[in-house]
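Visitor: Have a look at the structure that comes next, please.
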Amino acid sequence: MGLLSVASGKKNVLLSKAQSASSSKISFQEWAEDRGFEHCGVFAEKSGIMLLEFAYGLDAQTVFRSISTKDFWLGSARSNAWITLDSESPNFTAFTQFLGPEARGKVKSFRILKIDDKGGLLVFFECSYKPAGLLRVSENFAQELKNVLAASKQARLEKPTIYDTSSLAELGKARLCLIATKRALDETTKSIEVSELTIQKILINTVFDEIFFKTKKLFASPAAIYAEDSDEIKTAAFINSDVEDEILKEQLSLEFESVIGSDAAKKTIILTAGYSSDSEEILDYLLRG
């Protein structure tokens, strides 16, 4: 859904829908949403431990509680076989330990698939706020998931998609914005202790990817959105000039709240860097600032 703003009783709508910096490759979040998953993630093996490297619909508290041992997952399920658990299952609470307080109070079922992968163990982890229904996935789900994870990693390395000059000229000038997320993420992680910085960085990136996904959905195409790291998101979008930075900040904060909490979300900073209808100038801003 596009980003709406209300100013002086009048609605101003972003002109078009968000487009990722790598529209040719689907992200994990896009794939999960398309497949109809509610809240899910993928535990991946890192330095002998397991943690959520990908997440969709999961809050930061859940992501940071995901650190677990490989032995736990090796003993919890057979590989390549789906496990469905509900609140009456004997080992249901063994998996609620990975959820943040809010999710833990709402979860009613889990669906888990442990996948042997040449790069290490993978675990697809879905928690739902509804009772478990029928399993609706393809027979080659494991391979599909591995393909999506590979594409999602590659997508972050690609440059933004920029429309040709004629298209830009027809629409006018793009508004160049900087969305600074460092203070928001610092607020999120200040009460969380992770001894190893490498692991902390992976988990922060997992949270940031969800924020990045939500940002893309709020903006609309033709637009270019790019993030080189988890400190900031740069955008070039054709939005109404009457939409003020504070209104954009409010809308983004509301969207980020489900991931990082309201206090942290309010620390998101939005700055307008200027306007341009030149594709090379826009690209230079997105990549170099």
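Visitor: If you take the residues in the range 61-82 that are open to solvent by 40 Å² or more (accessible area, probe 1.4 Å) and aliphatic (A, V, I, L, M), which one is nearest to Thr188 (Cα to Cα)?
Guide: Per the criteria, the residue is Ile67.
Visitor: Would you call Glu126 open to solvent by less than 30 Å² (accessible area, probe 1.4 Å), charged (D, E, K, R) and either closer than 24 Å to Glu255 by Cβ or touching a residue at least 60 places away in the same chain (Cβ under 8 Å) (or both)? Write out each step before concluding.
Guide: On the way: open to solvent by less than 30 Å² (accessible area, probe 1.4 Å): yes; charged (D, E, K, R): yes; either closer than 24 Å to Glu255 by Cβ or touching a residue at least 60 places away in the same chain (Cβ under 8 Å) (or both): yes.
For Glu126, the condition - open to solvent by less than 30 Å² (accessible area, probe 1.4 Å), charged (D, E, K, R) and either closer than 24 Å to Glu255 by Cβ or touching a residue at least 60 places away in the same chain (Cβ under 8 Å) (or both) - is met.
Visitor: Cβ-Cβ distance below 7 Å, separation of 6 or more or different chains: which pairs start in the range 260-289 with a residue that is open to solvent by less than 60 Å² (accessible area, probe 1.4 Å) and end on one that is in a helix (DSSP H, G or I) and hydroxyl-bearing (Ser, Thr, Tyr)?
Guide: Ile260/Thr188; Gly261/Thr188; Ala264/Thr188; Ala265/Ser253; Thr268/Ser253; Ser279/Thr165
Visitor: May I pose another question? I want to confirm something. Restricting to the range 129-149 and keeping residues that are outside any loop (DSSP other than H, G, I, E, B) and of a type in the set (D, E, K, R), which single residue is least open to solvent (accessible area, probe 1.4 Å)? Working first, answer last.
Guide: From the range 129-149, those outside any loop (DSSP other than H, G, I, E, B) are 141-149; that's our starting set.
Still in the running and of a type in the set (D, E, K, R): 144, 146.
Details: Glu144: 36, Lys146: 54 Å².
Out of the qualifying residues, it is Glu144.
Visitor: Listed residues Lys118, Lys108; which is more than 28 Å from Leu185 (Cα to Cα), open to solvent by 70 Å² or more (accessible area, probe 1.4 Å) and at pLDDT below 90? Before you say what the answer is, go through the steps one by one.
Guide: Values: Lys108 fails: at pLDDT below 90.
Going through Lys118, Lys108 in turn, just one is more than 28 Å from Leu185 (Cα to Cα), open to solvent by 70 Å² or more (accessible area, probe 1.4 Å) and at pLDDT below 90: Lys118.
Visitor: I'd like the full set of residues that are within 11 Å of Ala60 (Cβ to Cβ) and either in contact (Cβ under 8 Å) with a residue 60 or more places away in the chain or open to solvent by less than 20 Å² (accessible area, probe 1.4 Å) (or both), limited to the range 186-231. If you could, list the steps in order and put the result at the bottom.
Guide: Going through the range 186-231, the residues within 11 Å of Ala60 (Cβ to Cβ) turn out to be 187-189, 191-192, 203-204, 206-208, 210-211.
Correct list: Glu187, Thr188, Thr189, Ile192, Leu203, Thr206, Val207, Phe208, Glu210, Ile211.
Visitor: Of all helices (runs of 4 or more DSSP H) completely enclosed by the range 34-114, which ones contain at least 2 residues that are in contact (Cβ under 8 Å) with a residue 12 or more places away in the chain and touching a strand residue (DSSP E or B) at 6+ places or on another chain (Cβ under 6 Å)? Show your work before the answer.
Guide: Values: elements: 60-64, 70-76, 93-96, 101-106.
By residue number, 70-76.
Visitor: Return yes when Lys234 is modelled with pLDDT of 90 or more and more than 25 Å from Val42 (Cα to Cα) and no when it is not. Give the steps one after another, and end with the answer.
Guide: Details: modelled with pLDDT of 90 or more: yes; more than 25 Å from Val42 (Cα to Cα): yes.
Answer is yes for this residue.
The values are calculated or read from the model by the stated rules, or taken from the named source; none is laboratory data. Model, not experiment: these values are computed from the prediction. Heads up, the Cβs are rebuilt from the backbone with ideal geometry, glycines too, and the neighbour counts pull from every protein chain shown. Ligands, DNA and RNA are excluded from the accessible area calculation, which covers all protein heavy atoms including side chains. Shrake-Rupley method; radii C 1.70, N 1.55, O 1.52, S 1.80 Å.
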